[in-house]
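Single-structure report; data block below.
The values are calculated or read from the model by the stated rules, or taken from the named source; none is laboratory data. Everything numeric here is computed off the predicted structure, so don't read it as measured data. Backbone-built Cβ (ideal geometry, glycine too); neighbour counts: all protein chains shown.
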Amino acid sequence: MSKQQEIEARLQNVLTLIQSVTPPFLPPNAEVMTVVVEWPPGDPGAPPHRHPGGPSFGYVLDGEMLFELEGEPPRAIKAGEAFWEPGGDVIHYSDANNRSDIPLRFLVTMVCTPGQPMLVVVEDDELEARRDRRVASAS
């Protein structure tokens, strides 16, 4: 067995794949930023927004997030679970703390375009104009 094969065999025993996705686009000259977000119990999180620079990939460290993207029903993401959003024009409606008894802490790695904000709040008139793109909860 080659050294490469030995390493690959060893890694199979210690790695756990959390998510694997193909991002829709990566902007030229992209930068990557990793942040930890901490919302207290019951916090509504960021207002509806988008990430114009590109996709974001996240992992819930502690607690439970109410996650909602345009075109998808809201869902709870628990500690140890991953999420992603395509960025660009897609609205991210919720990253709220889904629990009123414990804090939420999650890590996000975002692709950013130099000179653009990492997050842009969506105004109420645009939310109203795009309300048909919002999916109701399955429950």
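Any residue in the stretch 25-37 that is polar (S, T, N, Q), at pLDDT 95 or above and out of contact with any Gly (no Cβ under 7 Å at 6 or more places or on another chain)? Lay out the reasoning, then the answer.
As a first pass, look at the stretch 25-37 and keep what is polar (S, T, N, Q): 29, 34.
Narrowing further to those that are at pLDDT 95 or above: 34.
Checking the rest, the ones that are also out of contact with any Gly (no Cβ under 7 Å at 6 or more places or on another chain) come to 34.
Looking through the stretch 25-37, at least one residue is polar (S, T, N, Q), at pLDDT 95 or above and out of contact with any Gly (no Cβ under 7 Å at 6 or more places or on another chain).
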Yes/no for Leu15 being modelled with pLDDT under 95 and either loosely packed, with under 13 Cβ neighbours inside 10 Å or closer than 22 Å to Thr113 by Cα (or both) = yes
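Looking only at the stretch 88-105, filter to residues that are farther than 15 Å from Pro44 by Cβ and in contact (Cβ under 8 Å) with a residue 40 or more places away in the chain; which one of those is farthest from the chain's Cα centre (by Cα)? Lay out the reasoning, then the answer.
Keep residues of the stretch 88-105 that are farther than 15 Å from Pro44 by Cβ, which gives 88-91, 101-102, 105.
Narrowing the set further to residues that are in contact (Cβ under 8 Å) with a residue 40 or more places away in the chain leaves 88, 90-91, 101-102, 105.
Values: Gly88: 13, Val90: 12, Ile91: 12, Asp101: 22, Ile102: 20, Arg105: 12 Å.
Per the criteria, the residue is Asp101.
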Any pair with Cβ under 8 angstrom, 6 or more apart, that starts in the stretch 1-28 at a residue that is over 19 Å from Val111 (Cα atoms) and ends at one that is loosely packed, with under 10 Cβ neighbours inside 10 Å | Ala9/Met1
Could you list, in sequence order, the residues of the stretch 62-74 that are within 18 Å of Gly42 (Cβ to Cβ) and either of a type outside the set (Asp, Glu) or modelled with pLDDT under 95 (or both)?
-> Gly63, Met65, Leu66, Phe67, Pro74
Would you kindly identify the strands (runs of 3 or more DSSP E) lying entirely within the stretch 1-115 that contain at least 1 residues that are of a type in the set (Phe, Trp, Tyr)?
-> 31-39, 56-62, 64-69, 82-85, 92-97, 104-112
Leu119 meets each of (1) without any contact (Cβ under 8 Å) to a residue 60 or more places away in the chain; (2) closer than 21 Å to Arg133 by Cβ; (3) of a type outside the set (Gly, Ala, Ser) with one exception, condition (1)
What is the number of the single condition among (1) surrounded by 15 or more Cβ atoms within 10 Å (Cβ to Cβ); (2) touching a residue at least 60 places away in the same chain (Cβ under 8 Å); (3) among the charged types (D, E, K, R) that Glu85 does not meet?
-> (2)
